[in-house]
Each structure stands twice: as structure tokens, then as C-alpha cells.
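A.B. asks: Dropping the structure in here first, questions after.
Values in this text are rule-based calculations from the coordinates and carry no lab data. All figures in this text were calculated on a predicted structure; none of them were measured in a lab. Quick reminder, even Gly has a Cβ in these numbers, built from the backbone with ideal geometry, and neighbours come from all protein chains shown.
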Amino acid sequence: MSVARRIGSRAGFTILELLLALGLLAIVAQKTFVMLTAASKATATDTSALVLEEKARRVLQQVAMTIMSADRDSLVPGVEAPLDTDALRFKVHLGVENGEVVWSEPEEIVQKGQKVVWRSYVATEKERHITWTNLVAPFLEGEIPNGMDDNGNGVIDEKGLSFEVDRSAVTIRLTLAQAAGEGDERLQTVETVVTCRNLQEAKE
Amino acid sequence: MEVAVALAILATVVGLFLGTIGATARQRWVNRENAVVAEAVCSLVERMRNEDFADVVRLYNADPFDDPRGPGTAPGNAMRIAGVIPTEDAEAGMSMWITFPITEEPDGIEGTWELREDFVDARLGTPRDLNGDSVIDDLDHASDYAILPMRVDAAWQGRFSQRTFQMQTMLVRYRD
Amino acid sequence: MRETHLHGRAHRAHPGRRGSALAMSLVAASSVAILSAGFLQLSSAVTRRQAGAIENRQAFYMAEAGLGEAFNAVHIGRSGQIGSMSEPAAFGGGFFWVDSAPTPEGDIRLECTGMAGSGRATLELLVTPVQEDVALLGVFSEEALDVDGELLIDGFDSQHGEYVEQAGGEPEPAACDDPDECLKALEKYELEVAKLNADIDEKLAKVAADLAASLAPLDGYLSGGYDDDDDDDDDDDDYRKALEYQRLYRAKYAEDVAKLEAEREKKLGEELKSLRDKSCDACDAGVATAPVAPALNGFGRQLVDIDVDVLRDDFLDVQVPLADGAEPVGVQLDVPQDAPSDEETFGTHTGSGGLLGSNGPITLGTDGVTQIEIHGDVEPGSGTDLTAGGSVYVAGDTDARDEPVELPPIQVPNVAGMPALKHDGPVPMVLPAGDVGFESIEVAENAVLVVRGPARVVAGSFTLLAGAEVEFDTTDGQVDLFVTGAVNMVPGSYVETTQPDPSQLTLQVSGVDADGADPSVVLEAESQFYGTIYSPDAGVSVGASFEVYGALIAHSLDLAPGVRLHFDNAYSAKGSTLPDIVAWSVSEVPAAVRGGNDPMQRIGADRGDLRLPADAHVLDEVLINVEYVDDTGAVCDFVGPESEFDWDGVRSVIESRRVLIGSRALRNEGDRGSAAAGGATSSMPGSPSSPDSGGDQNWDWSDVDWEALWDPWSDYKYSQNDGA
């Protein structure tokens, strides 16, 4: 019999070796697991905050681009600070036919509960609607319904989706709210200003 | 030996993973700052569009004495951006500046500004005609400009480094 | 006993188990690596999306910059084409180009694509270029004009008040709607005023009489005077008392008079004002000429004026001085009368601002006797002149026009037609606001037709018989009357315009005179017509009772003796020169430029070759006629394609006009209405067949006679859709 075979025939771990190795592995694994868990949690928190912010900006952009194409004179209501509205009705330009501008039927962007909804052919049989998000907070971040401007933006008791009209410009404010676990709520507020580029009186 | 190597490998990998998390967290901050600044700049441009075109230069230039509603009432050419920290060398803590083809102290007189067609700034596309007569002259066109190239620059102290952002557009007299 | 070499055995594991820890760690490492990669992927995607969104917004404002550049180009008369996809304009860190194309309706569609980093945006703007108003021609005849009867032409500015004010007079009040009611209200008012005055005056007289009665007994005490030197102290006391009583009585009198006058004022101002307001200004003016009945006091004498101060002084010795038998004084309105001048024949006029023109020669009053006054310029046709007799007065220039005027055809709106309208009833007929069309319109004797604006009325013919009346009510908006046939307003008919703003009313006649026929537009009604009359293909005959305030442009003019025409200079200052924005919208980004991070790479262009926006305007389609001062101070002019003109040598522009060719046809001499807008072919040699070619560089200009082809009036608003 060769040396190697003799040695190999005697290979194996002792229990002590095994226990030591397993113990080390367990400790390392546990530490690693803890670190990974913590990192994952932090990551998940960051990710959901990131996603919420991105969602808020995306919805805001959708609203903004729609209003940019609207006819300024068709905005209803055309309220100015300290008043605001959570629903804005307007018409957009569809095209030109036989030399006359064709305007859409009134469209509307409105906060319905926790949703931001775009509607066309409002209150008719042909009504269509698209929900852009269902995370809208009942009131804008920092605002409570007490008849005062709590968040210092010049508007009183504005809802989670708020429109404020100043001449051709519309200030759009949006707060999204998401449950963050353990009863907490994560809020993300975004705001932008857009001007309506169309004016129906320009061409009858 | 193997275990040691394995542990080393694991440690390295975990370290890299944690590094990735850190990098993405940093990136998230950068993205947020970029978005906040971009939104502020775009909103500023929209607010400028909302003003009477003839008043835009007087509202958003550095001269406080030509403000349409009284001296010092206009926003001026520099403003802060909520949610970002201005750079250390920023004057009065401003983070955003508007650039028109305006020459400061054109005749050597302190505190004077003129909207000039012969202002040189290749990024703004100047020198160029501003009042529609197709001629580039050396006169002040603050009261008869018909087209207004402009740039908004933003600079702020990001979480990890100084950052900048630019937006360029042209305002035009669309309606009397 | 077997030796145990633990250490040695620990170094060397069983071959079958060698590497297992490594394998496990590799598995674990792979898992973590996959996790990391996944997380990195998500983060990168979000970052890319957010960065892309920001760059898209930069591209959006880049596209807005391009639209602004193009809009400004259209404003100054260019096509609006800026660069192209293969050669965009460089602006800031991005690029844009604008495609410009005319629409069949005469609008211009501007589509701009902006690129910034990975961002792309395409925006569209539809604009209507502004055309000059044909009313700027003033009083104009396309054919030669020969006037041999009295004529006055002057000008005014409706933005600065009514004509009569500018002519130095007082504006007449508007005509009364219901004279009977007005008269009743006025009579009642007069009655009440007379009663009030009589009542107050009676009370005043009583107060005056009371004062006189109170003071009379004091005369005796006052007559002695005060003498400190005598010993009669009682007399002195009585004197002082009498003085004190006198002072008190006079103060009471003054107070009573003031109260009564205040009562009179209050009743006239508050109670009777409502009666006064029931009558209109026109009737009030008439009343003002009526004599006011004199007020009489209780003594039967007229109390013309009560001067309290005079009374106070006079009570020392005499009674109140009352006028006796004074004649009643009426209030007369002064009728303004200009001091007649040597050349005055027509009454008041503004003395300036008139404009008379023609495409042919103009002949005025060659008999040397007929009074003709043109308070303004006379512009005979190109190559012709003005021939005027000795009795003709022209205040302004008489230079011939540089080029003939081409009167654009009328765009009659497409309105649903109704049968002929013949109104002969006693009740006024009102055409409400809106668009309406009739086969013909005829208003019979004693019938009244009211056309209420805003309205567009189309009629095959328009006739006012003797005694008929038409009222154009432009209070709420403009009225445009289009007549495709003859217009006949016979003598004895009436035409009324409610507002003194000529821009609110147009009479546009698109009918054509038959060869050798009399003018088909006869304006012999009685009228102060505030509006524009435009008849490019038919002659117009104007009677002396038809006075026009605004503009009158016709194929030919036949002016009866005594006609007065007043050109509204506000036409030249009216309105914006900016193109009208029809609509703005977001468009789809061209597929050829979507995607990619580097716009230059995407479109295959070299950054260094790109031009700045102001230099990237496509000028091949633009014909320019410019008079300017160059760098040496010399006055120069240029007619030709703007692409061949060097603006660098221009110090200042005296006058410039641009005409687009290709999209709006440049007509040759004698070729009217030849080409349609949108898709029209130009008469230019070598020009592109399609107007939206975007500036074809291959046009051959070498054989073109630019001077002969220049037609600055080709861009009148009525010229769109020629032949379309």
C-alpha cells in the first residue's frame, strides 16, 4: 500500500475541527446576515423613498404637461391664492379643421380620495378616466384643515393635489403618502409652475 | 486555509455589496438634488413667461432701480433654491442666476446695465439682433427687445461635492 | 499504538472534500454579487430615468427657444425655417431646428425639435401672419380718378375722439330713441323745477319781509347814533341794544336763507334728478335753449339774485333791492362756427390726415372754379400724375406711387343662405348677432332694418328704397356686410352707424361691373357712415349726402359734387404686427433622432459646423426691399433675395419690407390672382415646386428682374387662398 493511500485512508475531520469551523462559520454568517439585513432594510427604505419621489415627480410632470397645452381661458376654476382648488377643468387644442381651431371637450384633473384622476367627457356617457396615482395625501404636507396657512405657502387648507392660478401660470402642488411600516407614513411633496401656452381668443 | 480564503472572499464580497449600497444611496441624494434644482429652474422660467414680456428684463436683471413696481420689488437676477445648500463662495447665499445679454457698466458708470445686441456670449448666441431690425448695434434695447436669449445657472453644495446645472432658452414677445 | 498527526492531517483534507469551503463561499459570494447587481441595476435605471427626465426638460426649453426664434422670424417677414435636421442651430449645450410650412388656410406651421444630451422634445406652433389692412389706402380708386365737383377729403383719428371734436366742434349728442317720452319727462321736470323754485322763492321773500319788519322798529334807536359825550346814557344803552338786535336778526336771516337754498339744491339734485335723467342728451340740448321762467317773490317782483351780503349792508338804510320788470334770461347753446377762411367751403374740417390715391392719373377740378380741398396727400398711380385746376387745394404731397396697388379679392364667408329678405313692415326688423346669408336684402319705404353685431351678413344684393333705413349696431361687436352683387342705396334712404369707430363696420362688395355698365355700388343714402367700404371689382358712386368716416376703396369712384370723405388715420396705428398664435402643442419626436446620448452622433453632424440661431434662418424664400444707411453713412437700397444681402454692412435701417416667395406667389405684372396659397408654385424660374421645401439652395436667380417683380402689397390679408 502507498503512503498516499495510507494517508488518504485516514482522512477526516475531528469533531473539534468541525465544531470550530462550524462555529466560526456561524459567527461570520450571523454577522454577515445582520449586516445584510440592516443594509437591506436601509436599502428598502431608501428605495421606497426613491420610488415614491420618482412617482411624485412623474405624476407632477404628467399634470404639468397636460395643463401646458390647455387653453388659459378655459381653466375652471381660475382661483388665486390664498384660494386653491383640487380639481381643474380645461380644454386642450386638438387640431385645426377647415381653418378653425378644434378644442377638446372639457377635461379634468381632480383629486378623488387618494387618487389623481384625469377625466374627459366629464359627466357624460362617454366619460373616460385614467388614474395617475392612488397615493395622494388628503392634505398637502404640513397643512391641516383649520382655515389657516400652516405650511407658509400662501394657500389655505390646500388638499394633497392643489392648483393655484395666477394669470396664465398654474402652480401645482402634490403630496404623496405611503405607509412606511410600524404605523409610520412617508410623505413626498413636489411642486412646479407651468404656464398655459394656448389662448382661445387668439383665433376664433 | 480554505475557510480563511473563503472568509476573505466573503468579506470582500460583502464589502463590495455594502459599497454598492453606499454608492446608490449617494446617487439617490445626487438625483434628488438634481431634480430639486431642475424643478426650481423650470419653475423660474415658467414664472418669467407669465410676466409681461416687456417687464421681464427689468424684473430679472441686477438693477434694483428699474423694477416695474418700484425699486427693490422685483425678484432680481439671483435667487435661492429651497432644499439645496448654496456654495461657500455664493454671494448672499444665492444658488441660481439668470444671464441675459446685459452689459454691466457699459460706459464705465457704476451701477448701470444695458441690454445689448453686441454682448458676446457664444452659448447665448450673441452678438445678435434683439429688436427685430436685423441690425446688431451698441444701443440699449431694454425697452424694445423682441427676443430674449437667457440662461439660468444653478450652483450648490451637494452632499458630496459642488454641483452645477444649466438651462438655456429664449423668451419671445408672443402677444402685445 | 497509532500516532495521530492532527496537524499534518488538518493541513491536508480529504481529497474529496478539498475546496468545499471555497465552493460554498463562492456560492455565497455569487448570491451577494447577484443581489448587488440587481440592486445596482434598479438604482441605475432610476438614475437614468431621472437624468433622462431632466435632459428631456432641457430639450423642451431648447425646442421652445427654437419656436421663439422662428416666431420672431415670421414676425419680421421670414419663413420661420431655422436650420435643418442635418444642420441644426447650436444653442447653449444643445441644438434645435425648425421646420416651417404654410397651411391651406394661410397659416404657418412651425415645428421645432430640440435636443439636449439624451433629451428630445418636439413642439409645434401654428401662427397666422399679420397682413396689412387694405383700409390704409384711404380713399382709393384703382382706375383713373376724375373729379369735377366739390369735394372735401381730410383725416381724423378715431382713437383720439370723434371727428367733430378734432374738427374743432362739439360732438352732437346721439339721436333720441323715443322723443315723445323724452318730451314728457322734460316737461314734467320743468314743471317740478318751476314749482320748487316758486316755493323756495316765496319762502325767501317771507324771510326777507320778516327781517325788514323786525329791523324797522330799530331805526329809531339807531338813527341817533352813539354819543359818549352826552349825558344821556339811556340813549346809548338803547343804541347798543338796537345794534345787538340788528346783528341777531341779520344772522337769523342769513341762516334761514342758507337753509332754504340748501333745500332747493337738495331737491334739484336728488329728487328731481331722476326725472332729469329720463330724458336723453339730445333732447336735453334742445331744452337748454328754452327760456327759463323767471321766479317772482311774494311782492310780485322778480327775484333775480339774492346777495345776502348786499342785503345785510343795505338793511341799515334801505329795503332789499329787487329787480323790477327784468327780462327773463334763457340759456342759449353756442353753435360752433369756424371762422371762414379764404379756401373754406365745406364748413368744419380737421385740416390734415387725408389720403387720396389711385393706380391711374388723378384729375381734380380742371375747370378752375370747382372748390376741391384735399387736406392730406394725393398719390396718383405709378408713372402718372395729378392734374388740378386753380381752385383745387392740396395740403400734402402729390408724388406718384412707386408701384401699382393690387387690390386683393374679398373672402366671402361660407354662410348658409336663406331666401331673399324683403322688409316692408312698420316694425323694425332686427338681424341678431351671428352669421347669416340672404339671396338678396331689400328694405322698403318707411321700413327699418337693424343689423346687430357681432355679425357677418352675406347678401346677393342690397337695396334701400327711398324712405328706408338701415342701422348698423356695432355696440356689441363688429358688423361685416358682404354683398356679392349690386348695392343700391337710393336718395332718400338712411344709413345709420351707432358707434363712431370705423374699424367696427365693413361693407365689402365682391360683385363685378359688367363692361360698360354703371357702377353697381350706389351710395346715395343720407348717412354719416363710420366704416370701411371695399369694392375691388366694382365701381362705387357716392352721393353728397353719404359722408364716409373711415376708408373707401373701389375699382372706380364716381363722386358727386359736395361729397365729404374723412380718412381714419387710426388704421395705420391699429393692431398688433405680431403674428396671431393659433395653437401650441407637443408633437412626436422624429424617429430619426430618438435615442442616443449624443445628439451630434445621432444626426451625423459636426459640432464645429453648426451656426448660431440668429445665423441659421433659411433666407432663400425671402425677398427683401431695404433702404438703409451703411457703415460709411451712405444711404443705400437693395432688392433681392435676403440670402444675398449682407447685414453686417448695415448701420441702420430706414425702411424694409420682406415678401415670402414659394409659399405666397409673387405675381407678375398683369397676372392677378394666379396662384393659391399653400402648395402654390411660384412664378420664379428655378424655384422649388413645393413651398415647404425648407430652403432649397438650388434656385437660379441670375435671370430674375427683382425690381419688376417686387410687389409689396402681395401680403394683404385678403390675398390668401387666391384661386383656392
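A.B. asks: Amide H of A:ASP149: which non-local residues (sequence gap of 5 or more, or other chain) have their own amide H closer than 5 Å, using H built in the peptide plane?
C.D. replies: none
A.B. asks: Right, another one. Could you name the lysines in cross-link range of C:LYS259, using Cα to Cα under 28 Å and dropping any fewer than eight places away on the same chain?
C.D. replies: Cα-Cα hits under 28 Å: C:LYS188, C:LYS195, C:LYS203, C:LYS206, C:LYS241, C:LYS267, C:LYS273.
A.B. asks: Take peptides C:453-462, C:603-612, C:649-658 and line them up by average Cβ neighbours within 10 Å, highest first, as a rough protection proxy.
C.D. replies: Numbers: C:453-462: 21.1, C:603-612: 13.1, C:649-658: 14.7.
The most tightly packed comes first, giving C:453-462, C:649-658, C:603-612.
A.B. asks: Hey, another quick one. Report the label-to-label distance for B:ARG159 and A:GLU105 in nanometres (one decimal), using points 7 Å from each Cα along the Cα→Cβ vector.
C.D. replies: 4.8 nm
A.B. asks: Taking θ = phi - 60°, what integer Hz values does the Karplus form 6.51 cos²θ - 1.76 cosθ + 1.60 yield along region C:471-476, in sequence order, with x for Gly and Pro?
C.D. replies: Each residue of region C:471-476 in turn: 10, 9, 9, 9, 4, 9 Hz.
A.B. asks: Counting only other chains, and only Cβ atoms inside 10 Å, what mean value do you get across the residues of A:188-196?
C.D. replies: Working: counts 0, 0, 3, 4, 5, 10, 6, 7, 3.
Going residue by residue through A:188-196 and averaging, the value is 4.
A.B. asks: Obtain the nm distance between the two label points defined at A:ASN134 and C:LEU183 by a simple spin-label model: each point lies 7 Å from its Cα along the Cα-to-C-beta direction.
C.D. replies: Those two pseudo-labels are separated by 8.0 nm.
A.B. asks: Run down the lysines and flag those whose C-alpha is under 20 Å from the C-alpha of A:LYS41, throwing out any fewer than 8 positions away in its chain.
C.D. replies: A:LYS31
A.B. asks: Something else about it: Averaged over its residues, how many other protein chain Cβ atoms are within 10 Å of peptide C:100-106's Cβ atoms? Write out the running numbers ahead of the final one.
C.D. replies: Values: counts 0, 0, 0, 2, 3, 6, 1.
Neighbouring Cβ atoms belonging to other protein chains average 2 per residue here.
A.B. asks: At a Förster radius of 22 Å, what calculated FRET efficiency corresponds to the Cβ-Cβ distance of C:ASP402 and C:ASP537, to the nearest 0.05?
C.D. replies: The computed FRET efficiency comes out at 0.35.
A.B. asks: Testing the spin-label approximation: label points 7 Å from Cα along Cα→Cβ at C:THR387 and C:ASN414. State their distance in nm.
C.D. replies: With each label point 7 Å from Cα toward Cβ, the separation is 4.8 nm.
A.B. asks: Residues with amide H under 5 Å of A:VAL96's amide H, sequence separation 5 or more or different chain, H placed in the peptide plane at 1.01 Å from N; which?
C.D. replies: Placed amide hydrogens put A:VAL102 under 5 Å from A:VAL96.
A.B. asks: Quote the FRET efficiency, to the nearest 0.05, computed for C:SER352 versus C:THR632 with a Förster distance R0 of 25 Å and r equal to the Cβ-Cβ distance. Write down the numbers at each step before the final one.
C.D. replies: Working: r = 37 Å, r/R0 = 1.48.
Efficiency for this residue pair is about 0.10.
A.B. asks: What is the count of Lys pairs in region A:46-203 whose alpha carbons sit under 22 Å apart, if the two are 8 or more places apart or on different chains?
C.D. replies: Close lysine pairs under the 22 Å cut-off: 11.
A.B. asks: Can you give the average number of partner chain beta-carbon atoms within 10 Å of each beta-carbon in peptide B:21-27, as a whole number? Before the final figure, lay out each step's value.
C.D. replies: Values: counts 12, 2, 3, 12, 6, 0, 7.
Going residue by residue through B:21-27 and averaging, the value is 6.
A.B. asks: Can you list the HN-Hα couplings for region A:163-178, worked out from phi with the Karplus curve (6.51, -1.76, 1.60; θ = phi - 60°), rounded to whole Hz and with x for Gly and Pro?
C.D. replies: So the Karplus estimates, Gly and Pro as x, are 10, 10, 9, 9, 6, 8, 9, 10, 8, 10, 10, 9, 10, 9, 10, 9 Hz.
A.B. asks: Another one. Sort A:150-158, C:117-125 by the packing proxy (mean of other Cβ within 10 Å over each peptide's residues), most packed first. Don't jump to the answer; show the numbers that get you there.
C.D. replies: Working: A:150-158: 17.4, C:117-125: 22.7.
Ranked from most to least packed, the peptides come out as C:117-125, A:150-158.
A.B. asks: If r is the Cβ-Cβ distance from C:ARG657 to A:ASP166 and R0 is 56 Å, what FRET efficiency results, to the nearest 0.05? Mind dumping the intermediate values first?
C.D. replies: Working: r = 40 Å, r/R0 = 0.71.
Efficiency for this residue pair is about 0.90.
A.B. asks: A follow-up question, please. Fully extended, how many nm does the chain gain between C:ALA144 and C:VAL427 (0.36 nm per residue separation, minus their Cα-Cα distance)?
C.D. replies: Values: separation 283, 0.36 × 283 = 101.88 nm, distance 4.37 nm.
Extra length from C:ALA144 to C:VAL427 when fully extended: 97.5 nm.
A.B. asks: Let me ask something additional. Just to check I understand the Karplus step: with θ = phi - 60° and J = 6.51 cos²θ - 1.76 cosθ + 1.60, what whole-Hz values come out for region A:101-110, glycine and proline as x?
C.D. replies: So the Karplus estimates, Gly and Pro as x, are 6, 9, 9, 6, 5, x, 10, 8, 10, 9 Hz.
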